[in-house]
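To start, the structure itself, in structure tokens.
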Amino acid sequence: MTDVRPAVSVDGVLQTLFHSEQGGHEQVVLCQDRASGLKAVIAIHSTALGPALGGTRFHAYEDEEFPEEAAVLDALNLARGMSYKNALAGLEHGGGKAVIIGDPEKIKTEELLLAYGRFVAALGGRYVTACDVGTYVHDMDVIARECRWTTGRSPANGGAGDSSVLTAFGVFQGMRASAQHLWDAPTLRGRKVGIAGVGKVGHHLVEHLLEDGAEVVITDVRPEAVQRVRSAHPEAAVVVDTDALIRTEGLDIYAPCALGGALNDDTVPVLTAKVVCGAANNQLAHPGVEKDLADRGILYAPDYVVNAGGVIQVAEELHGFDFARAKAKAAKIFDTTVEIFLRAKSDGVPPAVAADRIAEHRMARAGR
């Protein structure tokens with residue numbers, strides 16, 4: 001699902017919400033609790049397939065004067081992405097997302113999280129929350145004290161714990177599907193894979209690839225993340241930065257596993273990899289990048305398809321978590337990715353467009 005971010009303004013927010021092709025959201029809730037300092041936005045894009053499911057992002061926006069407007073646009077975009085992700089993951093959930101505004105290192109408190117939980121609870125189950133950037137398992141445990149529609153909790157509190165395990169597993173399945181489509185074998189053995197970002201998801205991905213016989217090259221802005229991987233897997237090679245990684249000779253697969261916007265007008269022309277498949281959200285910096293990749297003969301596995309293992313895991317919590325059952329569902333990312341590549345070929349469109357069409361068809365067919 002392509003990432004479109006209009007100019008930040010009240011008019012822009014309203015245009016996105018009610019009129020643009022990127023809108024169509026069912027509900028947006030602005031939350032404020034003066035006692036705790038909470039300011040948050042909850043966006044529900046669709047409940048056609050079931051209650052909206054998506055994480056809570058805790059983030060300080062650069063616009064110090066009007067951070068709320070930036071937060072609303074971010075929540076709208078992220079919520080829409082979750083609708084598409086959940087649809088293609090085969091979940092009985094629509095898409096939603098929440099943003100708590102502020103620096104979590106400075107303002108996150110138990111009182112603030114409890115206040116946020118009360119706002120989510122007031123939606124009566126239309127929105128189910130989970131972890132995202134800036135929120136963690138222990139935060140969900142706190143929120144759950146006020147809201148039973150909370151996933152991503154610790155095992156001690158009835159949850160599944162860290163969802164990055166199945167996120168990495170799903171990305172690996174997407175890579176296997178890419179290898180099947182391009183090289184006629186669902187394995188990465190003998191392939192060189194470059195991973196940009198070896199944090200929560202990336203370091204698990206390294207393990208899957210090495211076990212499958214791949215050659216792995218890594219980079220991360222945090223030296224401690226690189227060192228953790230190197231300590232466990234000294235065979236993993238290290239490059240200085242992402243720019244060096246994408247230019248690495250002989251690279252078969254490039255895996256963006258850090259920030260969004262990794263595929264842009266600067267990076268696509270110099271990519272040496274034949275496949276892009278990674279865990280980062282919103283990898284396409286703007287509409288048209290998916291065509292640029294296709295024009296260069298680079299196979300793109302849509303990010304919201306292959307990184308759905310995490311949301312599959314947290315969705316399972318609502319039914320009494322069973323890891324084996326969740327992993328079996330995440331394994332189907334392989335089949336979904338193969339289907340998308342075949343649809344893209346038959347329709348003569350990039351895989352990102354084919355993925356959108358399949359997701360939109362499922363939502364339209366199940367709309368209620």
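Summary of values
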| item | result |
| --- | --- |
| Qualifying positions in region 102-116 - of a type outside the set (A, V, I, L, M, F, W, C) and surrounded by fewer than 24 Cβ atoms within 10 Å (Cβ to Cβ) | Gly102, Asp103, Pro104, Glu105, Lys106, Lys108, Thr109, Glu110, Glu111 |
| Meets criteria (at pLDDT 95 or above and either buried (at least 20 other Cβ atoms within 10 Å of the Cβ) or in a strand (DSSP E or B) (or both)) for Ala258 | no |
| Every residue from region 158-168 that is surrounded by fewer than 24 Cβ atoms within 10 Å (Cβ to Cβ) and in a helix (DSSP H, G or I) | Ser164, Val165 |
| Qualifying residue in region 284-300 (condition: on the phi > 0 side of the Ramachandran plot and buried (at least 18 other Cβ atoms within 10 Å of the Cβ)) | no |
| Which numbered condition Lys329 fails, given (1) within 25 Å of Ala79 (Cα to Cα); (2) among the basic types (Lys, Arg); (3) out of contact with any Asp or Glu (no Cβ under 8 Å at 6 or more places or on another chain) | (3) |
| Residues satisfying the stated conditions in region 73-101, i.e. surrounded by fewer than 23 Cβ atoms within 10 Å (Cβ to Cβ) and more than 17 Å from the chain's Cα centre (by Cα) | Glu92 |
| Of all residues in region 196-227 being of a type in the set (D, E, K, R) and in a loop (DSSP other than H, G, I, E, B), the one that is farthest from Val238 (Cα to Cα) | Asp212 |
| Pair list, Cβ under 6 Å, 6 or more apart: region 224-239 residue farther than 21 Å from Gly250 by Cα, other residue among the charged types (D, E, K, R) | Val226/Asp220 |
| Test for Asp33: is it in the same structural domain as Ala144 (by TED's automatic domain parsing), acidic (Asp, Glu) and modelled with pLDDT of 95 or more | yes |
| Pair list, Cβ < 6 Å and 6+ apart or interchain, from region 319-344 residues that are more than 12 Å from Gly90 (Cβ to Cβ) to residues that are part of a helix (DSSP H, G or I) and small (Gly, Ala, Ser) | Phe334/Ala177; Thr337/Gly174; Thr337/Ala177; Val338/Ala177; Ile340/Ala354; Ile340/Ala355; Arg343/Ala354; Ala344/Ala354 |
| Ala352 being within 23 Å of Ser154 (Cα to Cα), hydrophobic (A, V, I, L, M, F, W, C) and touching a residue at least 40 places away in the same chain (Cβ under 8 Å) | no |
| Among (1) small (Gly, Ala, Ser); (2) closer than 18 Å to Thr135 by Cβ; (3) in contact with a strand residue (DSSP E or B) (Cβ under 9 Å, 6 or more places away or on another chain); (4) surrounded by fewer than 23 Cβ atoms within 10 Å (Cβ to Cβ), the one test that Gly190 misses | (2) |
| Scan of region 237-255 for residues that are of a type outside the set (D, E, K, R) and either part of a loop (DSSP other than H, G, I, E, B) or not assigned by TED's automatic domain parsing to the domain that holds Val221 (or both), ordered by number | Val239, Val240, Thr248, Gly250, Leu251 |
| Selected residue (criterion: farthest from the chain's Cα centre (by Cα)) from residues of region 323-354 that are not aliphatic (A, V, I, L, M) and not in a helix (DSSP H, G or I) | Gly348 |
| Enumeration of residues in region 199-230 that are among the basic types (Lys, Arg) and under 22 Å from the mean Cα position of the chain (by Cα) | Lys200, Arg222 |
| The lone exception for Ala179 - which of (1) part of a loop (DSSP other than H, G, I, E, B); (2) hydrophobic (A, V, I, L, M, F, W, C); (3) in the same structural domain as Leu271 (by TED's automatic domain parsing) it fails | (1) |
| Spans of helices (runs of 4 or more DSSP H) in region 44-157 with at least 3 residues at pLDDT below 95 and either under 26 Å from Ala285 (Cα atoms) or not acidic (Asp, Glu) (or both) | 67-88 |
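The values are calculated or read from the model by the stated rules, or taken from the named source; none is laboratory data. Since this is a predicted model, take the numbers as computed values, not measurements. No Cβ is skipped: glycine too gets one built from the backbone with ideal geometry, and neighbour counts run over all protein chains shown.
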